[in-house]
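Following: one structure in structure tokens, then a few remarks.
The values are calculated or read from the model by the stated rules, or taken from the named source; none is laboratory data. Computed from a predicted model, the values in this text were never measured in an experiment. Virtual Cβ from ideal backbone geometry, glycine too; neighbours counted across all protein chains shown. To get the accessible areas, we keep the full protein, side chains included, count just its heavy atoms, and leave off ligands, DNA and RNA. Shrake-Rupley method; radii C 1.70, N 1.55, O 1.52, S 1.80 Å.
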Amino acid sequence: MKKKLISILMAAAMVATVFTGCGGDSGESASKSDNGSVYWLNFKPEADEALQDIAKTYTEQTGVEVKVVTAAEGTYEQTLTSEMDKSNAPTLFVVGNQAAVKTWGDYCLDLEGTKIYEQLSTDDFTLRKDDGTVASIGYCYESFGIIVNKTLLEKAGHSVDEITDFASLKSIADEIHANADTLGFDAFTSSGMDDSSSWRFSGHLANMPLYYESVDDNWTECPAEIKGTYLDLYKNIWDLYTTDCAVDKTSLATGGYDAEAEFMNGEAVFYQNGSWEYPTLSEKLGDDEMCMIPIYCGAEGEENNGLCSGTENCWAVNANADQKDIDATIDFMTWLVTSDEGTKMMTETLGIIPYKAAPDSKNVFLENALEYSEAGKTTIPWTFNYTPNVDEWRAGVVAAMNQYDAGGSWDDVEKAFVDGWATQYKAANQ
Amino acid sequence: MKKKTNDGTSVNSPLLRRPIQRMFFVFLLPTFIAFCIGFVYPFLQGMYLSFCSFTTISSAKFIGIGNYIKALEDATFTHAFWFTALFAVISVVLINVLAFLVAYLLTLKIKGANLFRTAFFMPNLIGGIVLGYIWSMIFNGILSKYQTSILMETKYGFWGLMILMLWQQIGYMMIIYIAGLQSVPEELIEAARIDGANRWQTLIHVTIPNVMSSITICMFLSLTNGFKLFDQNLALTAGQPFIFQDDGSQIKTTEMLALNIYNTFYGQSSAARGTGQAKAVIFFVLVALISVIQLRATRSKEVQQ
């Protein structure tokens, strides 16, 4: 008797688990309004709270339902894959680089000529499919470079104006590193190569050699092969980062360092990262205490460089959604970049938005980016957005750099960088 | 044949039992539906997808066996297979020998046996990713004294994974062996002792044949676990170190089959998703085949008590 009871309970539990999954979904679709609705699959966990609020405001003002779902850090591709299969698929999602355009291009509505497209102030961040139609448009852009703690730099007897190229950066960094014990701080924060930090180097720093090569060869799309002409520069700056630093380079692969904390605690002067660090850093450091300078790595004419500005935050509208949902989504996007509430939220949480009605940002690093470009310096685009099979390619570069740090040869880094690109290009375009 | 008598509960009355028996499918239905939703459908769908090119499963286009050709031509897949096979074989031997040894010692009525059992079983309750990160700290803490880390050499990664796996699995297999050892009839052991068998002879000729069913199940579990290893692999080495070959391809020397499939599916563009799916089907067939062979081989040695 007891056994029977147990088996009945088990069966009931099993059935319950099977059907609870359906419950939530059917409820949501029932409440869907006739005016169409918006489902934004967001990929920035740190912006989730603000986006939920703005969605609520929009619903209150217009009655159009806006659902914002945020994928957990590093799982956007997985979440998008499963969400796209549902009957209530996202109407607004993120397609941030050429690799994503390859995968999701068929799902992207051609935005050219829509009213949101007309609000754009620049076409710089627009991603296009092979046939030239628009796959996605930028909704905010960011800058990266080397963040400097000006107070510490002055304590070491130097000022930001002295740094104009790789040679001046190196001499100051070398001097600080040599006197680290007396100064109480070092030149660079740790360059950790675990997943939480390696993208700063396999992604952002790799932009430098890729950018110079793209200028030489006039890239307009992802090249099938690259030459690695400027990898020496990559080595220059990487050696500088790992030498003029408080931690042993052999421990970078697995050390679990927290460069952000090191910088905030005043343990180092320089920290390579982007404008998205501003909200966190400003908790500890005042606006006049920090600034961002270009990544100098020894290229000719680099004293005329500005910061690297670009974005992986690009909106794509689901071409397979119902027409009324598409219309609702485009209305919502337009509202975000034209209304007072929308632009305010976007600028405060995401950064500068490339739209005509954009207000100024209070982000110091983005101001630096503007100052450089107003002074006539070249803004470096995010060339790394071309990377084929970006995760696999970066994994190879990281593995090779780990070997190099442990005393291996630089040849492997070149192989991973150049040959790896060709291999991944072939794999992505088979 | 004697008809079963009513033991008093009305459920067993033929009047009630017959209609229930006739309607058996109604009672089977919930379980059957759950089985179909949770297993049969995804399995068939997965099979079908391995012959398709797709981004999401609703956009699948049938393309024939191209995915299988690509999967088999992929050098990283073959490398992952041999690495996994080597790992599985060594881990099966080590896990089972050590788990049996611990179980044997803990059934010798030593003091604190229950405490030891609990302690040895505990690692099993921790998730693979967490274990991977904890052990990576331990290994790297030691290796950093020699200016290296677990990501630098394939052999470090291999044995690191092995230690982690042993630490996690031995306790679990030990519990199964203890149950097996405790069910060996005392009389048999006593009879062997009276016949003049020493401890070793008793173990080989009486105890082991009698726990053969535990050995079968433990071998099965450790073998399939070895092949399916994923979280620990991802957290501990993620495939590093890589070998960069002259043709531009790279081999992730400590990448096992499951991680290889995951990386193919999500690390590359959608063109490779079908290939990843084909690899997954090949993976399933391999694991099923190997475990069936293993089950047959050990089952035939089991004795009826």
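Give me the one-decimal nm value for the distance between modelled label points at A:Ser121 and B:Trp159, 7 Å along each residue's Cα-to-Cβ direction.
Reported label-point gap for A:Ser121 and B:Trp159 is 6.1 nm.
Compute, for B:Asp195, the solvent-accessible surface of its heavy atoms (probe 1.4 Å) with the complete set of protein chains present, and express it in square angstrom to the nearest 10.
Using a 1.4 Å probe on the heavy atoms, I get roughly 130 Å².
State the antiparallel share, in %, of DSSP beta bridges confined to the protein assembly as shown, rounding to the nearest 5. Before the final figure, lay out each step's value.
Working: 27 of 38 bridges.
Percent antiparallel among DSSP bridges in the protein assembly as shown is about 70.
Sticking to Cα atoms, compute the Rg of the range B:10-49 to one decimal and its Dmax as the biggest Cα-Cα distance, whole number, in Å.
16.1, 51
For the range A:280-297, take each phi angle, set θ = phi - 60°, evaluate the Karplus expression 6.51 cos²θ - 1.76 cosθ + 1.60, and give the result in whole Hz per residue in order, putting x for glycine and proline.
Ordered by residue, 3J(HN,Hα) equals 6, 5, 6, 5, 10, 10, x, 4, 8, 8, 9, 7, 10, 10, x, 7, 8, 9 Hz.
Can you give me the accessible area per residue for the range B:38-157, using a 1.4 Å probe, in Å²? Don't skip to the end; give the middle numbers.
Details: 6850 Å² over 120 residues.
Accessible area per residue, the range B:38-157: 57 Å².
For A:Val418, A:Val134, write out the residues from largest to smallest accessible area, computed with a 1.4 angstrom probe and no ligands counted. List each step's numbers first, then the result.
Values: A:Val418 30, A:Val134 0 Å².
From most accessible down to least: A:Val418, A:Val134.
Counting only complete DSSP H runs, which helices of chain B cover 15 Å or more along their long axis at the Cα atoms and score a mean Kyte-Doolittle of 1.6 or above? Please list the in-between numbers first.
Numbers: long enough: B:24-35 (17 Å, 2.48); B:75-106 (45 Å, 2.06); B:128-143 (22 Å, 1.68); B:154-182 (41 Å, 0.95); B:212-228 (24 Å, 0.99); B:273-299 (38 Å, 1.00).
Span-like helices, by this rule, are B:24-35, B:75-106, B:128-143.
Please list the non-local residues whose amide H lies under 5 Å from the amide H of A:Leu111, H modeled 1.01 Å from N, same-chain partners needing a gap of 5 or more.
Correct list: A:Val134.
From the phi angles alone, apply the Karplus equation (6.51, -1.76, 1.60; θ = phi - 60°) to the range A:420-430 and give each ³J(HN,Hα) in whole Hz, x where the residue is Gly or Pro.
x, 4, 4, 4, 5, 4, 4, 5, 7, 10, 6
Cα axis of helix A:207-217 to longest principal axis of chain A: angle in degrees, 0 to 90, nearest 10?
Once rounded, the angle reads 90 degrees.
What's the long-distance tail for the range B:69-299, i.e. % of Cα pairs beyond 23 Å? Write out the running numbers ahead of the final one.
Numbers: 14994 of 26565 pairs.
Percentage above 23 Å: 56.
Points 7 angstrom from Cα along the Cβ direction at A:Lys344 and B:Phe25: gap in nanometres?
It is 6.5 nm.
Dividing the Cα convex hull volume of the protein assembly as shown by residue count, how many Å³ per residue is that? Don't jump to the answer; show the numbers that get you there.
Numbers: hull volume 167.6 nm³, N = 735.
Hull volume over Cα atoms, normalised by residue count, gives 228 Å³.
Quick one: pull the percent of accessible area on the range B:69-299 belonging to carbon and sulfur, 1.4 Å probe, ligands and nucleic acids left out.
Working: 7540 of 11000 Å².
Accessible surface attributable to carbon and sulfur in the range B:69-299 totals 69 percent.
Stick to the Cα atoms of the range B:69-113, pair each with every other, and give me the Kirkwood hydrodynamic radius in Å at one decimal. Please report the intermediate quantities before stating the final value.
Working: mean 1/r = 0.0758 Å⁻¹.
One over the average 1/r among Cα pairs gives 13.2 Å for the range B:69-113.
With a Cα-only, solvent-free Debye model of chain A, what are the log10 I(q)/I(0) values at q = 0.12 Å⁻¹?
-1.04
Using θ = phi - 60° and the Karplus curve 6.51 cos²θ - 1.76 cosθ + 1.60, what whole-Hz ³J(HN,Hα) does each residue of the range B:234-246 get, with Gly and Pro shown as x?
Each residue's phi maps through the Karplus curve to give 4, 6, 7, 10, 6, x, 6, x, 9, 10, 9, 8, 5 Hz.
How much of A:Lys102 can a 1.4 Å solvent probe reach, expressed as accessible area in Å² and rounded to 10?
90
Taking the Cα centre of the protein assembly as shown as origin, sum charge times position over the Cβ atoms of Lys and Arg (+1) and Asp and Glu (-1), and report the length of that vector in debye to the nearest 20.
Here the protein assembly as shown has a charge dipole of around 6520 debye.
Report the residue, chosen from B:Ile215, B:Ile150, B:Ile37, that carries the largest GNM mean-square fluctuation when chain B is represented by alpha-carbon nodes joined by springs under 10 Å.
Answer for the Gaussian network model of chain B: B:Ile37.
What residues have an amide H closer than 5 Å to that of A:Lys67, excluding those fewer than 5 places away on the same chain, when H is modeled at 1.01 Å from N in the peptide plane?
Here the answer is A:Val38, A:Tyr39, A:Trp40, since their amide H atoms fall under 5 Å of that of A:Lys67.
For chain A, what does the relative contact order come out to in percent, with C-alpha contacts under 8 Å and a separation of six or more? Intermediate values should be presented prior to the final figure.
On the way: 705 pairs, mean separation 104.7, N = 430.
Result for chain A is 24 percent.
Rounded, prolate or oblate, given the Cα gyration tensor of the range A:329-397, with a/c below 1.5 counting as rounded? Kindly include the intermediate steps, with their values, before the conclusion.
Details: a/c = 2.56, a/b = 1.36, b/c = 1.89.
Note, shape of the range A:329-397 comes out oblate.
If you stretched the chain out fully between B:Leu115 and B:Met47, how much longer would it get, using 0.36 nm times the residue separation minus the C-alpha to C-alpha distance?
Working: separation 68, 0.36 × 68 = 24.48 nm, distance 4.66 nm.
Difference between extended and current length: 19.8 nm.
Give, as ranges by residue number, the residues of the range B:222-261 whose backbone N falls under 16 Å from the point 7 Å along Cα→Cβ of B:Ile126.
Of the residues in the range B:222-261, B:231-237 have backbone N under 16 Å from the label point off B:Ile126.
Taking the full set of protein chains and a 1.4 angstrom probe, give the accessible area of A:Leu120 in square angstrom, rounded to the nearest 10.
20
Based on the Cβ-Cβ distance from B:Ile65 to B:Arg296, what FRET efficiency comes out when R0 is 35 Å, to the nearest 0.05? It would help to have the intermediate numbers written out before the result.
On the way: r = 30 Å, r/R0 = 0.85.
With R0 = 35 Å, the Cβ-Cβ based efficiency is 0.75.
Within the set of other residues whose C-beta is less than 15 Å from the C-beta of B:Phe83, count the net charge using Lys and Arg as +1 and Asp and Glu as -1.
On the way: positive: B:Lys155, B:Lys228, B:Lys252, B:Lys279; negative: B:Asp74, B:Glu153, B:Glu255.
Net charge around B:Phe83: +1.
Tell me, what is the percent relative contact order of chain B, built from C-alpha pairs under 8 Å that lie six or more residues apart? Kindly include the intermediate steps, with their values, before the conclusion.
Working: 334 pairs, mean separation 79.9, N = 305.
Relative contact order of chain B: 26 percent.
Which far-off residues, 5 or more places away or on another chain, put their amide H under 5 Å from the one on A:Phe43, with H placed in the peptide plane?
HN-HN under 5 Å from A:Phe43: empty list.
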